[in-house]
Amino acid sequence: MKVAGLAILGLFGILVVGLLLGGVPVVDGLRLLFQGAFGDRFAISQSLVRATPLLLAGLGVAVAWKAGVFNIGGEGQLVIGALAGATIAKALHGFGIAPLATISILLASVVGGAGWAAVAAWLSIKRGVNLVISTILLNFIGLQLLVYGVDGPLRRAGQSAPMTEQVPDAWMLWRPSRQTDVHFGVVIALLLCIAVGYFLFRTRKGYLMRATGANPQFVRANRYPPEPIQFQAMLISGALCGLAGGVQYLGINGQLTASFSQQYGFLAIPVALVGGLHPAGVAASSFFFGALFAGTSNLSRFGGGGSYFVYVVQGLAVLGLLGYQFLRERNEVTNQ
Amino acid sequence: MIDAVLILRYAAPIAFAAVGETAGQRAGMINIGLEGTMLTSAFVATKVSLATGSPWVGIIVGAVAGLILALLTGVFTIRMQQDQVVVGTAVNLLCFGLCGMLFERWNGATGQLLSLPPLPKFAGGLDVVLLLLVVSAVAISFALFRTEWGLRARTAGEYPASLEAAGYSVIRTQFQALLISGLMAGLGGAYYAIGVAGSFAPDMISGRGFMAIAIVTFARWKPIWGLLSACLVGYFESLQYQLQMTHQDIPKSLLIALPYAATLLILVFSGRSSNAPAALGQPYKGMR
């Protein structure tokens, strides 16, 4: 409880520092952020909806990093996942049956994300290519593939701006209310959060992944080669990030444009880190950053640049967390 | 026709960062924050050169911004022994956020087109900064492999405990190497804004810092090879622009992806290397 209180206090302080750095009046800025995130029903629904892809991709990042694989490629995996989903949507166009089409599109996004992650994992294991670098490069390539897709093979005919066909309403994820954007993806994300927690902490494979991240020599000494374990961690990671893209596609947009991704896959890295790479922590931090995301839409009243505020807070939050960890470890050493 | 000076100019921002990062990585420091450093330096150089009217002041202050970010990175990675990838990612986020936010607040969300005071050029299109790039690649190579300081730096990257046992400070040595990396990335970013683009946009660096890190691996941790490999990537970049003009039937997005794909392929075929510093990326927690 003490840690949670400290975290809330720390994040509040970071918000203030971020506003000061960006030259936004602090009190008004905080009030507008809060209104945008929790002011009314619509604001709360926006916070939830923004948190959903962050939670899914954040879980993906957490699984990989727990296993000692620095997957920075969540963004590329998310985009390729959505692209794979849109490809299936185009293939099923005209004859798909509602629930089956929805499930196929989501499955395609899972496979797409996992496949994109598998490229980096394979290159790392077989060719010794640094995974941090390869996943970053694959992010850029994935983003250009999205631009190519929406302007080329998947482009909706007779439309001046490049975008894909709108998915039929019946294929979209179920919404409890017409007034808000909350969709069934929120439930999917929460269920997967529990599933990932169970997997990591209650199954043999999850234990092996955590052990590999903590100490690969230990795992190897027990005759488990770490490479296949890390490969599987990357597959799960990519699958979750890809699903984040698919859920965003069928939950909110219904079609892809070049600006489909709002960097959710990239923002998911600090979400996972601030959440301590633990599913419950990732859920809490994704909600915080989702709310912040929703709140920043209000900051535009103080001039542009509000959308960048999330990055500032995330950067400061991760640095703050590292500083806190350092101080805590040092105190433990001196108290011994 | 392939224009060598043009390629060198496109390559210069990546080359600066890659040459500096070579020194950093030889001392064991992976600086993932290179991307954000380049962006911040480009931004600072833009602001300062517009305010003073002098491209030189812009480049110098941009380089100083790189130094300051390296100092910040070092406090977390060297002094506090935190994970270098995590710290670098945080630095990148902070830089993206601050540069984007301040740029939009000062210039509006659409971003008016800024035009910066140009650098004076010699005959043939070369300028002082490009010469500085070549000189600094040679100088860093000399410093790393022919001086006592270089031996210390490389020891910090291979087996830091032995450096400490010999009576030298690992912290100081790694800080020095990291500052070189930050200074060079700062020069690269500032030169990109002033010497190459002549303008600023929050997404202008678009992966060049990350490509520089990739190039260090491909160049087997050798500064001069780093410069040459950066020229290879610079060639792909200028090729991409040329193809955009001559072959308008090829989708532009695929051409933009070309330098990234080329960098990835380069890494695939460079394979594992025994030149990699043994303690690369590992926080040094003192002799135990």
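Values of log10 I(q)/I(0) for the range A:131-173 across q = 0.14, 0.30, 0.31 Å⁻¹ run -0.48, -0.94, -0.96, by the Debye formula with one identical scatterer at each alpha carbon and no solvent. Relative contact order of chain B, taken over Cα pairs closer than 8 Å and 6 or more residues apart, is 39 percent.
Take the cross-link list A:66/A:205; A:66/A:126; B:47/B:121; B:121/B:252; A:2/A:205 and give me the ones stretching past 24 Å between alpha-carbons.
Details: A:66/A:205 12 Å; A:66/A:126 21 Å; B:47/B:121 22 Å; B:121/B:252 31 Å; A:2/A:205 32 Å.
Long pairs (Cα-Cα over 24 Å): B:121/B:252; A:2/A:205.
Top mean-square fluctuation among B:18, B:137, B:42, Gaussian network model of chain B, C-alpha springs under 10 Å? Top of the fluctuation ranking is B:137. In the protein assembly as shown, helices alone account for a calculated mean residue ellipticity at 222 nm of -24000 deg cm²/dmol, with every DSSP H run of four or more residues adding -39,500 (n - 2.57). This model, with +1 at the C-beta of Lys and Arg and -1 at the C-beta of Asp and Glu, gives the protein assembly as shown a dipole about its Cα centre of some 1220 debye.
For a straight C-alpha distance cut-off of 14 angstrom, the aspartates and glutamates reachable from residue B:285 (same-chain residues fewer than eight places away being disregarded) are A:329, B:83, B:164.
For the protein assembly as shown, the alpha carbon positions stretch 70, 65, 52 Å along the principal axes, listed from largest to smallest. Residue-normalised convex hull volume from the C-alpha trace of chain B: 130 Å³ per residue. Look at the stretch B:83-92: the mean tally of other chain Cβ atoms within 10 Å of its residues' Cβ atoms is 6. Overall shape: oblate for the range A:192-336, with the ratio a/c of the largest to smallest alpha carbon gyration tensor axis at 1.5 or above and b/c at least equal to a/b. Counting, for every residue in A:141-148, the Cβ atoms of other protein chains within 10 Å of its Cβ and taking the mean gives 6. Net charge dipole, chain A: roughly 680 debye, given to the nearest 20, about the Cα centre with Cβ charges of +1 for Lys and Arg and -1 for Asp and Glu. Angle between the Cα long axis of helix B:252-270 and the longest principal axis of chain B, 0 to 90 degrees, nearest 10? Once rounded, one gets 20 degrees. When the alpha carbon gyration tensor of chain A is reduced to an equivalent ellipsoid, the three semi-axes, largest first, read 31, 28, 18 Å.
What order, most packed first, do the peptides A:79-88, B:144-153, B:170-179, A:316-325 have when packing is the mean number of other Cβ atoms within 10 Å of each residue? Display every interim value, and only then the final one.
Numbers: A:79-88: 28.9, B:144-153: 15.9, B:170-179: 22.5, A:316-325: 20.1.
Peptide ranking by packing, descending: A:79-88, B:170-179, A:316-325, B:144-153.
When chain B is treated as a Gaussian network with alpha carbon springs shorter than 10 Å, the biggest mean-square fluctuation among B:167, B:36, B:97 belongs to B:167.
Bear in mind these aren't lab numbers, they're just calculated from the coordinates by the rules spelled out. Values in this document were obtained by computation on a predicted structure and should not be read as measured data. Note that we place each Cβ from the backbone using ideal geometry, even for glycine, and neighbour counts take in every protein chain shown.
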